[in-house]
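These notes concern the structure reproduced below.
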Amino acid sequence: MSEEQKHDLPENKESDQAPSSAQESSPAGNGSSLVLHIPEGVRYNCQGCGRCCSGWSVGMSQEDYDRIKHVDWQSLHPALQGRELFMHREAEYKAGLAGHPHYTKPREDGSCPFLIDKLCFIHGYLGEDQKPVTCRLFPYSFVETPSGVYTGVVYNSMAAAKNQGNLLTDQVQALEEALELTKKYARALNKTEAAMEVKDAPKELDGAKVAQQDQTPFQTVDLTLGLTVPWAEFLEVDKKLMDLVLNRTDLSIFQILPAGSEILQKAIKLKRAGQPLSELQNFDPIVPPDSDMTPGSTEEMTLRSMFYRFFLYPLIRVDEKGLWQMQRRNILNPANLFTVVRSFTRYSFSAVNTILFKTGTIPNAGRINLEAAGKKKFEPLTPELEAYFRRWLYLRLFAKTYFGPAAAGFGVVSGYNCLMASIICVMLYAKASAILRKENKLNIEDIYEAYWRLDRELLTMGQNSKQENVAYNFAFATPRLFHKVLFELEQSLKA
Ligand code: SF4
């Protein structure tokens, strides 16, 4: 079966039936023949909570900045008075060290300086279409591939995390307009339209050069380190993964995740044996657990380093914004020595505490031993939570944002392992939050919060240094990397 068939995702308020196919549209009048693929059962409209406008500096193109800079903002509202509103990174941008030439300068609490009473002051004063394009496009993702453009939303928007608003499939025209704006903006920043990442030249495939004139990203896909396939062959893998997530309603999320890994392993074996990946469609990916499913320390530490990266590192990043707002060349200036040493000391201590000593901090809740939290017996996942995790996995796989240029250059296996680690970390975050409140079942509000935090970090991974992403790609390329940790978590959530 394909992704065009029935699947069981939550909160499809249009009907009680399982929502079905991904919808396709051919954007008209935009000069592109690419099909726009839209996921089913996924909702989004801004609910005006203002949370998207906190926790980062909004990047702006020169055009964005020129549109906004002429207004004497400080004179218009007491909240803007005397405040520095922008940061400039033109030199770094020209040198390829920053994604944008200009940024908004967040307040001390990390919120955007233009966010007043949960509303965007630029929107209110100049109009929605005058806001920075990054804000207008958020939380959509559009990934261009040889088989069309795949739409997604990130859960760093609370409305997206809660699946609030109209179905994306009912908003085709708005999505087509957003796609056009994405393309225009990517061109303005001299990037590709594949999540606006820098375009890599297509790889050589079996010794033959891929046609250089075809500039569509994803001509080839790295299944894993050193194993590249053409997009058409990747689609066989994609079809099998989608079938698993959408149609195997007999399986729990704890069975679906390792089954996905088995599909990828099988694809690698087939490819290495010179067999067609179409044979995947007859493969049964369900495997019984090994006799020893005790996680090893490397597996546990890798998982905790992800927990640190998703939930703790960003807290320090907000606290230590002096370091982040500093231009790179100023880091070596002796006048900044104190800030640099203090920030790096905080990063190191918190990382060592979490990764080696297993102590994590849950924002606004407290500190907890993550190993003990993971093992603590809890009530089983409710059908609502099962469906929630399944929808997030479906959306990520569908949107093609977990590998390739849209995901820091990860191979498919590494990207998939990162998705698995994400779900485990979200469950661990929700468990830890519940334990700190002296509860013993997962709470959907904690899960919204965890995804809101985690998806922002996944989104910004593309801004890591190339070396950092190569290291992550390498570390995550191990087959079945998180199976035992996942199994242990499943045991803790069994009746
Ligand atoms: S510019 Fe407006 S929409 Fe963008 S982050 Fe700031 S307040 Fe939010």
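Of note:
- Ranked by how many other beta carbons lie within 10 Å on average, peptides 361-373, 336-348 from highest: 361-373, 336-348
- For region 212-495, a crude dipole built from +1 on the beta carbon of Lys and Arg and -1 on the beta carbon of Asp and Glu, taken about the Cα centre, is about 900 debye to the nearest 20.
- Only helices enter the 222 nm calculation for the chain: every DSSP H run of n ≥ 4 contributes -39,500 (n - 2.57), and dividing by all residues gives -13000 deg cm²/dmol, rounded to 500.
- The antiparallel fraction among DSSP beta bridges confined to the chain stands at about 95%.
- Sequence-distant contacts, meaning Cα pairs under 8 Å at least 6 residues apart, place the relative contact order of region 362-422 at 17 percent.
- Projecting the Cα atoms of Tyr155, Val172, Val470 onto the charge dipole of the chain, computed from C-beta unit charges around the Cα centre, puts Val470 farthest toward the positive end.
- Enclosed volume per residue, in Å³, of the convex hull spanned by Cα atoms of the chain: 159
- Dipole magnitude (debye, nearest 20) for the chain, charges at Cβ of Lys, Arg, Asp, Glu: 1620
- The ellipsoid that matches the Cα gyration tensor of region 212-495 has semi-axes, each √(5λ) in whole angstrom, of 32, 27, 16, with the longest given first.
- Mean separation of Cα contacts under 8 Å, 6 or more apart, over the residue count of the chain: relative contact order %: 17
- Loop-located trypsin sites (Lys or Arg not before Pro) across region 86-137 with a Cβ neighbour count of 13 or fewer within 10 Å are Lys118, with loop assigned by DSSP.
- In terms of other Cβ atoms within 10 Å, Trp73, Trp392 run from fewest to most in the order Trp73, Trp392.
- Among Tyr347, Gly226, Ala421 - extreme Cα towards positive end, dipole of region 212-495, charges at beta-carbon: Tyr347
- Ordering of 414-425, 170-181 by packing [mean C-beta count within 10 Å, highest first]: 414-425, 170-181
- Total charge dipole magnitude, region 61-134, about the Cα centre, Cβ charges on Lys, Arg, Asp, Glu only, Debye to nearest 20: 100
- Measuring nothing but how far apart in sequence close Cα pairs (under 8 Å, 6+ apart) lie, relative to its length, region 244-381 scores a relative contact order of 17 percent.
- Checking Cβ-Cβ separations below 4.7 Å across the chain identifies Cys46, Cys49, Cys52, Cys120, Cys135, Cys418, Cys425 as cysteines lacking any candidate disulfide partner.
The numbers here are math on the coordinates, done by the rules we state, and not lab data. Note that the structure is predicted; figures quoted are calculated from it, not measured. We place every Cβ from the backbone using ideal geometry, glycine too, and count neighbours over all the protein chains shown.
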